[in-house]
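The values are calculated or read from the model by the stated rules, or taken from the named source; none is laboratory data. Bear in mind that the values here come from a model prediction, so they are computed numbers and not experimental data. Reconstructed Cβ throughout: ideal geometry from the backbone, glycine too, with neighbour counts over all protein chains shown. The protein model used for the area step is the full one, side chains on, heavy atoms only, and it has no ligands, DNA or RNA in it. Shrake-Rupley method; radii C 1.70, N 1.55, O 1.52, S 1.80 Å.
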Amino acid sequence: MSEPVDPSPQIVPRAEYTRRLGERRDAAAERERTHAITGNSRVAVVVGGVVVAVLVFAAGWLPPGWLALPVAVFLGLSVWHQRVTRALRRARRASTYYERGLARLDGDWSGGDEGRRFLDDRHPNALDLDLFGGKSVFQRLCTARTRSGADLLAGWLREPAPPDEVRARQAAVTELRPRLDLREDLALLGADVPAGVDLDGLVTWGAAPPILSTSRLVPWLLMALAALALAGLVAGVADLGWLPLLAVAAVEGGVALALRDRVGRVVKPLEKRAHDLAVFYGLLARLERETFAAPKLAALRAALGTTGRAPSERIAQLASLIELLDSKRNLYFAPLASLMMWTTLLAFSLERWRVAAGPAIQGWLAAVAELEALGALATYAYECPDDPFPEMIDGGPLFDGEGVGHPLLSAAASVRNDVRLGCELRLLVVSGSNMSGKSTLLRTVGVNAVLAQAGAPVRAARLRLSPLTVGATLRIQDSLQDGRSRFLAEVLRVRQLVGLAREARPLLFLVDELFAGTNSHDRRLGAEAVVRALVEAGAVGLITTHDLALTHIAEALAPRAANVHFEDQMEGEAMTFDYRMRPGVVRHSNALALMRSVGLEV
């Protein structure tokens, strides 16, 4: 049995984010001033250049060599202006990074990746626990810059990890949590590239077998042809005849036609990918500069030393080749590129690169993706310094939580309750009035179980749990396209849960208003049979109900089951809730009072 990993002490995220935001805004303001100065200076140099040109050509007061001075100054200012522009973009992006961090602390994480592509009504809990979509767990967590990093984080939420893996992630997140500079750098990389960079196509390209020859003889022959073509062009321009150029062009055309299909298969997957590679290069270069103590992080760092040269150098080389490839789109260079067999020449260079380093791309991307996923959990851990890591045990089934609250609710809005389920007490039947907190309790338990087994901190004073598959029926919907009623959809989900309960990993079931779509007699018989089957299969969980007849299920399954409830109070015409879970069965309903409170005459 492992001990819980202690959270980092003295973390005050709001104060640190506010301090850094002020520094980044000051830096942005300074760079804006410099940006304006360089821009105005370039205009002044252009004006000065016009004056020099007038003095050279119109007045004849200056020799032509003076024209080099404004040109050189303008080029120097242009280089400086580009650097200032990049620094200004980075400062602005850094300000946005900390603005969004402060917004998350205030409960607003809109604008991030919602992960709607991961929604699947066949998954046993993703829809029910709001793992993906607007205002979801994934949107709260995800800070990944690559699609692979986001996909991996989503996979951790969808599929619980074994205890040893959870402990390894906890250690990695603990080490990354105070490294705010590292996480900022990773978030700011590729400022001009849209979020969600997808590099899977690059992985496929790198793993494919060679298409072109990797011998250096063929490229040398092609370069010789290109040199002859350029010589022929010079001869034609010099009125020495166009026949040599036409002859070389004919040979080049035949070679290009023979290689066209294979060249296309090499270059097409890479066209317009230079910006994507800028993100990949930055992530790799930043990771290469780090040293880690946590075994998982150390292993990720070691995975980057597989090709002799640093992966960032390899990717930079590939990015340069792709930029050269894309240069053929320049309107002025395109005719010359065609004459020089530019695409064909670069295809052979790209093929040599692929043979040397292509198969390693998948491992590099996997390491970066895992670093991003761990970094997302570390950011969440940093922003929730009072949330501890759970203690994972190898036995079970067990969910033993003290002061458990919903992670997506603010501290002021979150009411915490103790929830203990294990080998002796396997079922809690939760009764209570409308809006009293029954469904929120189920989501609270489920989301914390998902976060715990993903390697993240949990919203609890303390939590011990064993490996658990989480299954829920909190958001069952009908389907017009599939001709499926809500009741049938619920029956199918319950059948799925019963199947999961029979697997090796114990099931944590969270069932809201079981079989509410049928009559009381069938509901009671069906619900008791299903719950008994789940408990006898080794599952633990909670069911909620308005129908007090279902509270007898706990009596029938005692001591493996118990009744708990939530209450409400009427204060004049206002209904209030304390959201505290109490033992026993609720003794009254608020349905009629709720109807009357909104003006219905009942």
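Hey, can you tell me all the residues within region 90-110 that are open to solvent by 70 Å² or more (accessible area, probe 1.4 Å) and closer than 23 Å to Ala150 by Cβ? Can you show your working first?
Of the residues in region 90-110, the ones open to solvent by 70 Å² or more (accessible area, probe 1.4 Å) are 90, 92, 99-100, 106, 108, 110.
Answer for region 90-110, where residues must be open to solvent by 70 Å² or more (accessible area, probe 1.4 Å) and closer than 23 Å to Ala150 by Cβ: Arg90, Glu99, Arg100, Asp108, Ser110.
Check Leu233 against each of (1) modelled with pLDDT of 85 or more; (2) open to solvent by 20 Å² or more (accessible area, probe 1.4 Å); (3) part of a helix (DSSP H, G or I) and name the one condition it does not meet.
Of the numbered conditions (1) modelled with pLDDT of 85 or more; (2) open to solvent by 20 Å² or more (accessible area, probe 1.4 Å); (3) part of a helix (DSSP H, G or I), the odd one out for Leu233 is (1).
Select from region 384-396 the residues that are touching a strand residue (DSSP E or B) at 6+ places or on another chain (Cβ under 8 Å) and open to solvent by 10 Å² or more (accessible area, probe 1.4 Å) and write down the one among them that is nearest to Val540 (Cα to Cα). Walk me through it before giving the result.
Step one: filter region 384-396 for residues touching a strand residue (DSSP E or B) at 6+ places or on another chain (Cβ under 8 Å), giving 388, 390-393, 396.
From what is left, the residues that are open to solvent by 10 Å² or more (accessible area, probe 1.4 Å) are 388, 391, 393, 396.
Working: Pro388: 23, Glu391: 18, Ile393: 16, Gly396: 10 Å.
Taking the candidates together, the pick is Gly396.
Just checking, which of Phe348, Phe280 is part of a helix (DSSP H, G or I), aromatic (Phe, Trp, Tyr), modelled with pLDDT of 85 or more and more than 30 Å from Arg169 (Cβ to Cβ)?
Just one listed residue meets the conditions, Phe348.
Could you grab me the full set of residues in region 9-65 that are of a type in the set (D, E, K, R), touching a Phe, Trp or Tyr at 6+ places or on another chain (Cβ under 7 Å) and closer than 27 Å to Gly101 by Cα? Reasoning before the result, please.
Within region 9-65, the subset of a type in the set (D, E, K, R) is 14, 16, 19-20, 23-26, 30-33, 42.
Subsequent filtering for residues that are touching a Phe, Trp or Tyr at 6+ places or on another chain (Cβ under 7 Å) retains 20, 24, 42.
Residues satisfying the conditions are Arg20, Arg24.
Taking Ser485, is it among the small types (Gly, Ala, Ser), open to solvent by 10 Å² or more (accessible area, probe 1.4 Å), under 18 Å from Asn125 (Cα atoms) and in contact with an Asp or Glu (Cβ under 6 Å, 6 or more places away or on another chain)?
Details: among the small types (Gly, Ala, Ser): yes; open to solvent by 10 Å² or more (accessible area, probe 1.4 Å): yes; under 18 Å from Asn125 (Cα atoms): no; in contact with an Asp or Glu (Cβ under 6 Å, 6 or more places away or on another chain): yes.
So Ser485 does not fit the description; no.
So that you can scan it fast, the table gives a plain yes or no per residue for (1) in a strand (DSSP E or B); (2) open to solvent by less than 10 Å² (accessible area, probe 1.4 Å); (3) in contact with a Phe, Trp or Tyr (Cβ under 8 Å, 6 or more places away or on another chain):
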| site | (1), (2), (3) |
| --- | --- |
| Ala367 | no, yes, no |
| Leu374 | no, yes, no |
| Ser410 | no, no, no |
| Cys423 | no, no, no |
| Val445 | no, yes, yes |
| Ala449 | no, yes, yes |
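Quick check: is even one residue across region 492-511 small (Gly, Ala, Ser) and loosely packed, with under 13 Cβ neighbours inside 10 Å?
From region 492-511, those small (Gly, Ala, Ser) are 499, 501, 504; that's our starting set.
If we keep only those that are loosely packed, with under 13 Cβ neighbours inside 10 Å too, we end up with 504.
Looking for residues that are small (Gly, Ala, Ser) and loosely packed, with under 13 Cβ neighbours inside 10 Å, one finds at least one in region 492-511, hence yes.
Would you mind telling me which numbered condition in (1) modelled with pLDDT of 90 or more; (2) of a type in the set (Phe, Trp, Tyr); (3) farther than 30 Å from Ala144 by Cβ Phe57 fails?
(1) is the only condition that Phe57 fails.
Of all residues in region 36-73, count the ones that are open to solvent by 80 Å² or more (accessible area, probe 1.4 Å) and under 22 Å from Arg86 (Cα atoms).
3
Using beta carbons and a limit of 6 Å, which pairs, at least six apart or on different chains, have the first residue in region 287-302 and of a type outside the set (A, V, I, L, M) and the second one assigned to a helix (DSSP H, G or I) and open to solvent by less than 30 Å² (accessible area, probe 1.4 Å)?
Glu288/Ser312; Lys296/Ala172
Looking at (1) touching a Pro at 6+ places or on another chain (Cβ under 9 Å); (2) open to solvent by 10 Å² or more (accessible area, probe 1.4 Å); (3) within 16 Å of Asp120 (Cα to Cα); (4) not aromatic (Phe, Trp, Tyr), which one does Gly471 not meet, given that it meets all the others?
(2)
Determine whether Ala103 is free of Cβ contacts under 8 Å to residues at least 12 places away in the same chain and of a type in the set (Gly, Ala, Ser).
Values: free of Cβ contacts under 8 Å to residues at least 12 places away in the same chain: yes; of a type in the set (Gly, Ala, Ser): yes.
Yes: the conditions hold for Ala103.
If Ala558 meets every condition in (1) free of Cβ contacts under 8 Å to residues at least 12 places away in the same chain; (2) open to solvent by less than 10 Å² (accessible area, probe 1.4 Å); (3) of a type outside the set (D, E, K, R) apart from one, which number is that one?
All conditions are met except number (2).
Check region 72-82 and report whether any residue there is touching a Leu at 6+ places or on another chain (Cβ under 9 Å), of a type in the set (Phe, Trp, Tyr) and in a helix (DSSP H, G or I).
Checked region 72-82: no residue is touching a Leu at 6+ places or on another chain (Cβ under 9 Å), of a type in the set (Phe, Trp, Tyr) and in a helix (DSSP H, G or I).
Among the residues of region 194-230, write down those that are assigned to a helix (DSSP H, G or I) and under 27 Å from the mean Cα position of the chain (by Cα). I'd like the intermediate steps shown before the answer.
Step one: of region 194-230, the residues assigned to a helix (DSSP H, G or I) are 200-207, 217-230.
Once the filter is applied, which keeps residues that are assigned to a helix (DSSP H, G or I) and under 27 Å from the mean Cα position of the chain (by Cα), region 194-230 yields Asp200, Gly201, Leu202, Val203, Thr204, Trp205, Gly206, Ala207.
Does Pro210 satisfy the criteria of being open to solvent by 20 Å² or more (accessible area, probe 1.4 Å), in contact with an Asp or Glu (Cβ under 9 Å, 6 or more places away or on another chain) and modelled with pLDDT of 85 or more? Talk me through it step by step, then tell me what you get.
Values: open to solvent by 20 Å² or more (accessible area, probe 1.4 Å): yes; in contact with an Asp or Glu (Cβ under 9 Å, 6 or more places away or on another chain): yes; modelled with pLDDT of 85 or more: yes.
Here the answer is yes, as Pro210 does meet what is asked.
Would you tally the residues in region 328-344 being touching a residue at least 40 places away in the same chain (Cβ under 8 Å) and not in a helix (DSSP H, G or I)?
Result for region 328-344: 2.
Within region 425-442, track down each residue that is surrounded by fewer than 21 Cβ atoms within 10 Å (Cβ to Cβ), among the polar types (S, T, N, Q) and part of a loop (DSSP other than H, G, I, E, B). Step through it out loud before you land on a result.
The first filter runs over region 425-442 and keeps only residues surrounded by fewer than 21 Cβ atoms within 10 Å (Cβ to Cβ), leaving 425, 434-435, 439-440.
With the extra rule that they be among the polar types (S, T, N, Q), the set shrinks to 434, 439-440.
Residue satisfying the conditions is Asn434 alone.
Which of the following residues is without any contact (Cβ under 8 Å) to a residue 40 or more places away in the chain, in a helix (DSSP H, G or I) and surrounded by fewer than 21 Cβ atoms within 10 Å (Cβ to Cβ): Gly155, Gly133?
Just one listed residue meets the conditions, Gly155.
Which one of these is touching a Phe, Trp or Tyr at 6+ places or on another chain (Cβ under 9 Å) and either in contact (Cβ under 8 Å) with a residue 12 or more places away in the chain or surrounded by 15 or more Cβ atoms within 10 Å (Cβ to Cβ) (or both): Arg262, Arg314? Working first, answer last.
Working: Arg262 fails: touching a Phe, Trp or Tyr at 6+ places or on another chain (Cβ under 9 Å).
Matching residue, one of Arg262, Arg314: Arg314.
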